[in-house]
Number of protein chains: 2
Amino acid sequence: MKLGDGVEQAIHSVAMLSGLSADGVLSAAALAEFHGVSTSYLLKHLQALSGAGILQTVPGPRGGYRLARGADEITLLDVVLAVEGREPAFRCKEIRQRGPNPLPQRYMTRPCQINAAMLRAERAYRAELAKTTIAAVLGELAEQDMDGAVVARGCAFLEQHERKSS
Amino acid sequence: MKLGDGVEQAIHSVAMLSGLSADGVLSAAALAEFHGVSTSYLLKHLQALSGAGILQTVPGPRGGYRLARGADEITLLDVVLAVEGREPAFRCKEIRQRGPNPLPQRYMTRPCQINAAMLRAERAYRAELAKTTIAAVLGELAEQDMDGAVVARGCAFLEQHERKSS
Ligand code: FES
Ligand code: FES
């Protein structure tokens, strides 16, 4: 089981965008540069976040991305599902129905117990991710940022790269 | 995020093997036939289960596989980790250390808050899988097996294919 690298990039990008001023946007290229990743790869994930209603895309030469809602209303689950898709990790292929001796059809009204147990675990995973907002992650970061170096790093970059879209 | 098809096959195989008599084994070919999957593919997963101490391999022409311990001592987590590996689904690439302006080195003694949150969710997932034993899954199955058709299906197959290893 493996999540793609896009999840890390997407969560860090959303966290970064939460530092923009009200009318500011960041370009995909700036986000990619800050995180040292390829723009074309990141763009795919930014578009997925846009499609899921987490980011707003401002078109045009001064355009870019910004959050579509507050960082306290975006959970890690929102981002993970936007980037990875909504299907559960375990995908039952109904192997109980295969082979020379498949399970009688009348059992098919209920999911296989194994599938049901795997989906319980998926729900626990998602519930945990749904508990954590981007705002909470940034709060934890700030708590540990004794000398302000982390915030300063983000601010300096935003100052240089933020575009005023209005 | 996606688990391989091997997980479903492995859990179903372990459940099947729990029906063997004390000195019985099943060949990989029989398990593959029952589940309608490729023997060579299943073999890979059976070997992983063996390597993880979940199955015992009995060598020789009358050999095959059996459980290395009771079905009440094998959890879904044991099987998932054996087949999929022990690495968490989220693999932090430390992108906070990349780019033209990486986070100062003194922050590296703590994991990134995003990584920590993702690992909390992984722990919740694993805790849930660790709660469910193969015996419990079979218990649920038996409860719903009003007319005994499911058990009869497994027994008929075992009767035909079980090898006595001693
Ligand atoms: S048939 Fe898919 S998990 Fe049992
Ligand atoms: S650096 Fe990897 S999750 Fe933050």
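None of the figures in this text is laboratory data; all of them are computed from the coordinates on show. Being a predicted model, the structure only gives us computed values, none of them experimental. Cβ sites come from the backbone with ideal geometry, for glycine too, and all protein chains shown count toward neighbours.
Specify the inter-centroid distance of region B:1-69 and region A:31-51, based on alpha-carbon positions, in whole Å.
42
Give the nm distances, rounded to one decimal, from A:Leu43 to the matching residue in every other copy, measuring between label points 7 Å along Cα toward the beta carbon; shortest first.
4.6
Thinking of region A:1-80 as a set of Cα atoms, what percent of all their pairs are more than 15 Å apart?
On the way: 1588 of 3160 pairs.
Within region A:1-80, distances greater than 15 Å cover 50 percent of Cα pairs.
Going 7 Å from Cα along the Cα-Cβ axis for the label, what nanometre distances separate B:Ala29 from the same residue across the other copies?
Those separations, rounded to one decimal, come out as 6.3 nm.
Mind pulling the angle between the C-alpha long axis of helix A:113-131 and the longest principal axis of chain A? Nearest 10 degrees, somewhere in 0 to 90.
Value to nearest ten degrees: 20.
Please go through the residue pairs B:Lys44/B:Lys164; A:Lys44/A:Lys93; A:Lys2/B:Lys164; A:Lys164/B:Lys2 and name each one whose alpha carbons sit more than 32 Å apart in this structure. Present the calculation step by step, with values, prior to reporting the outcome.
Working: B:Lys44/B:Lys164 23 Å; A:Lys44/A:Lys93 29 Å; A:Lys2/B:Lys164 39 Å; A:Lys164/B:Lys2 39 Å.
In this structure, A:Lys2/B:Lys164; A:Lys164/B:Lys2 lie more than 32 Å apart at Cα.
Against the longest alpha carbon principal axis of chain B, how many degrees, from 0 to 90 and to the nearest 10, is the axis of helix B:134-144 turned?
60
Modelled label-to-label distance, A:Arg91 and A:Lys44, 7 Å Cα→beta-carbon offset: nm?
Roughly 1.6 nm, to one decimal.
For chain A, what relative contact order do you get, as a whole percent, if you take Cα pairs closer than 8 Å and at least 6 residues apart?
Details: 172 pairs, mean separation 53.4, N = 166.
About 32 percent, as a whole number.
At a Förster distance of 35 Å, what's the computed FRET efficiency of B:Asn101 paired with A:Arg120, Cβ-Cβ distance as r, to 0.05?
Numbers: r = 43 Å, r/R0 = 1.22.
Plugging the Cβ-Cβ distance into 1/(1 + (r/R0)^6) gives 0.25.
With runs of 4+ DSSP H residues as the only contributors, calculate the mean residue ellipticity of the protein assembly as shown at 222 nm using -39,500 (n - 2.57) per run, divided by the residue total and rounded to the nearest 500. Don't jump to the answer; show the numbers that get you there.
Numbers: 14 runs with 172 residues, N = 332.
My calculation for the protein assembly as shown gives -16000 deg cm²/dmol from helical runs alone.
Using a simple spin-label model with points 7 Å from Cα along the Cα→Cβ vector, what separation in nm is obtained for A:Ala22 and A:Met108?
5.8
Please report, in whole Å³, the volume per residue of the convex hull around the C-alpha atoms of region A:1-40.
In region A:1-40, the Cα hull volume divided by residue count equals 68 Å³.
Where Rh denotes the Kirkwood radius from the mean inverse Cα pair distance, what is Rg over Rh for the protein assembly as shown? Each step should come with its number before you reach the end.
On the way: Rg = 24.7 Å, Rh = 22.4 Å.
Reported Rg/Rh (Cα atoms, Kirkwood Rh): 1.10.
Would you compute the Debye intensity of chain A from its alpha-carbon atoms alone, equal scatterers and no solvent, and pass along log10 I(q)/I(0) at q = 0.08, 0.11, 0.20 Å⁻¹ to two decimals?
-0.33, -0.55, -1.31
Using only Cα atoms, find the angle between the long axis of helix A:39-51 and the longest principal axis of chain A, and express it within 0 to 90 degrees, rounded to the nearest 10.
70
For B:Lys2, list long-range residues whose amide hydrogen, built 1.01 Å from N in the peptide plane, is under 5 Å from its own amide hydrogen.
Those lying under 5 Å, H to H, from B:Lys2 are A:Lys2.
Give the span of region B:74-166's Cα atoms along each principal axis, as three whole-Å numbers ordered largest to smallest.
66, 31, 20
Return the sequence-ordered ³J(HN,Hα) values of region B:67-76 in whole Hz as given by the Karplus equation 6.51 cos²θ - 1.76 cosθ + 1.60 applied to θ = phi - 60°, using x for Gly and Pro.
With coefficients 6.51, -1.76 and 1.60, one gets 5, 8, 8, x, 5, 7, 10, 10, 9, 4 Hz.
Could you tell me which residue out of B:Ala68, B:Val83, B:Thr109 lies farthest along the dipole of chain B toward its positive end? Charges go on the beta carbon: Lys and Arg +1, Asp and Glu -1, centred on the Cα centre.
B:Thr109
Over region A:72-126, what per residue volume does the convex hull of the Cα atoms give, in whole Å³? Mind showing how you got there, number by number?
On the way: hull volume 4.9 nm³, N = 55.
Value for region A:72-126: 89 Å³ per residue.
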